[in-house]
Amino acid sequence: MPRHKATLHAALGGTPDEVEAAFYEALQTGDIEKLMACWADEDEIACIHPGGPRVVGVGAIRAAFDALFAHGGAVHVQAEQIRRVDSLASAVHHVLERVEVMTPEGPAKAHVLATNVYHKTPQGWRMVVHHASPGTPEDAAHVPVGAQVLH
């Protein structure tokens with residue numbers, strides 16, 4: 001394991017929220033090393049981009065995000081309306097993402113519904129699944145009432 005990656009892992013912090021913040025910051029800045037430091041070092045981690053296939057494993061996930069960053073660098077995404085199911089060793093966050101993408105016609109905004117799953121590993125909390133699906137403007141208009149932690 002490269003020393004740089006170990007340093008990033010140690011800097012992530014101790015909660016799923018901190019890993020999630022680092023993940024979205026890495027997307028915003030196009031930082032593949034920081035983004036990959038958010039992921040667990042397990043063979044069965046998985047990522048599904050909107051409309052895309054399931055990508056499994058560290059190498060395949062890295063290649064998918066490298067390709068995403070190659071088509072314009074950073075991804076302008078803002079995590080909103082996070083709903084959480086947290087326990088001692090796992091956490092599931094349902095996130096409304098506001099994404100801005102560059103098209104041949106110029107910038108376009110989209111809504112994405114994502115589910116991020118975190119497990120507590122020997123290295124601390126790490127992402128094991130990121131599943132994103134196309135959302136709708138109606139998803140963004142729905143403002144949750146009350147607490148945003150599901151029990």
(request) Restrict the search to segment 57-115; then list the GluC sites (Glu not before Pro) that DSSP places in a loop and that have at most 16 other Cβ atoms within 10 Å of their Cβ. (result) 105
(message) For a protection proxy built on the mean count of beta-carbon atoms within 10 angstrom, sort 45-58, 14-27 highest first, please.
(response) 14-27, 45-58
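FYI, it's all coordinate maths here, none of it is from the lab. As the structure is a prediction and not an experimental result, all values here were calculated from the model. Here Cβ is always computed from backbone atoms with ideal geometry, including for glycine, and neighbour counts include all displayed protein chains.
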